[in-house]
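Scroll down for the structure; my scribbles are underneath it.
The values are calculated or read from the model by the stated rules, or taken from the named source; none is laboratory data. Predicted, not measured: the structure shown is a model, and the values here were computed from it. Glycine also receives a Cβ, built like all others from the backbone with ideal geometry; neighbour counts cover every protein chain displayed.
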Amino acid sequence: MLNISPKISIITINYNNKTGLDKTIQSVVNQSYSNIEYIVIDGNSTDGSRDVLALYRDQISHAVSEPDLGIYNAMNKGIKAASGDYLLFLNSGDNLIDHLVIEKAVGYGMEEDLVYGDIVYVNGEERTDWVAANVLTFQTFYDHTIPHPGTFIKKSLFDLVGLYSEEYKIVSDWEFFLLATCKYNCSYKHINLMIAQFYLDGISGDPNNYKKLLAERETILKKHFPYFIEDYEVHKRTKEQLRKVRKYVKIKSFIKGLFKK
């Protein structure tokens, strides 16, 4: 049955990012949609972030400032504290696209396990739209993923798949989406809506962490889908060879056409 007014738990994690935290909180507390539970998990910041939390204490449903064991440990604290029908993760420094976006997202209907929109990458003055795939397959996650800050996750899905793995530093949200779709066959829906702005100054956007990201992904794929990987690599190489053949045939036909003329 379609829930026309679901409770949305928005979870923000923060560590020593006072300015970014203030921007993120403002984008949440100014939403037009009323049924929002806002949770902020701070990792015992020492830069004045606690003062920001105090400033908005009446508009935040649940806030803690205490040591944690990393990004996914902090997110898991947020999941355990959440009571909403759907959870949305919006890290400190990122922001919702406008004050109507949660209301608009809910207007598309909330029934599936994953309801995901699109986000904007922001890198200095450069802005790039990330429009997510409409259809999710193993290839979607082998090559990429869906945008974490643009995805509403049904709370009960964490009971099925489990919390984020705290073993990894960068890609545990990717692992969660991979397992939810490719192992547990969860339901999903892509909505044509920009949800948030994601700033490429965090751990996952740092190019220095790219090798670690790839290493973590490879470890996870070998752990969960060891028999798929080799076959999939062969499949990818075959597709690339076919693409080159098609391109060659197209060029050859074009040249032959020119000579005929």
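Residue check: is ILE102 under 18 Å from ILE39 (Cβ atoms) and either hydroxyl-bearing (Ser, Thr, Tyr) or touching a helix residue (DSSP H, G or I) at 6+ places or on another chain (Cβ under 9 Å) (or both)?
Yes; evaluated as a whole, the condition is true for this residue.
Could you identify the single residue in THR46, THR12 that is of a type outside the set (A, V, I, L, M, F, W, C) and within 21 Å of GLU103 (Cβ to Cβ)?
None of the others qualify; the one that does is THR12.
Could you say which residue among ILE153, ILE146 is β-branched (Val, Ile, Thr), under 21 Å from VAL120 (Cα atoms), touching a strand residue (DSSP E or B) at 6+ places or on another chain (Cβ under 6 Å) and in a strand (DSSP E or B)?
When all the criteria are applied, what remains is ILE153.
State yes or no: is SER204 closer than 26 Å to GLY20 by Cα, at pLDDT below 95 and assigned to a loop (DSSP other than H, G, I, E, B)?
Considered against the rule, which asks whether it is closer than 26 Å to GLY20 by Cα, at pLDDT below 95 and assigned to a loop (DSSP other than H, G, I, E, B), SER204 comes out as yes.
With the requirement that a residue be closer than 18 Å to ASP201 by Cα, among the hydroxyl-bearing types (Ser, Thr, Tyr) and assigned to a loop (DSSP other than H, G, I, E, B), what does region 1-37 give you?
Once the filter is applied, which keeps residues that are closer than 18 Å to ASP201 by Cα, among the hydroxyl-bearing types (Ser, Thr, Tyr) and assigned to a loop (DSSP other than H, G, I, E, B), region 1-37 yields only TYR15.
Name the residues in region 171-185 that are crowded, with 20+ Cβ neighbours inside 10 Å and either assigned to a loop (DSSP other than H, G, I, E, B) or among the hydroxyl-bearing types (Ser, Thr, Tyr) (or both), would you?
VAL171, SER172, THR181, listed by residue number.
Pairs, please: C-beta under 9 Å, at least 6 apart or cross-chain, first residue modelled with pLDDT of 95 or more and in region 97-108, second in a loop (DSSP other than H, G, I, E, B) and of a type in the set (D, E, K, R)?
Partner pairs satisfying both residue conditions: LYS104/ASP98.
Can you say whether ALA63 is modelled with pLDDT of 95 or more, over 16 Å from LEU96 (Cα atoms) and either acidic (Asp, Glu) or under 21 Å from the mean Cα position of the chain (by Cα) (or both), as far as the supplied structure shows?
No.
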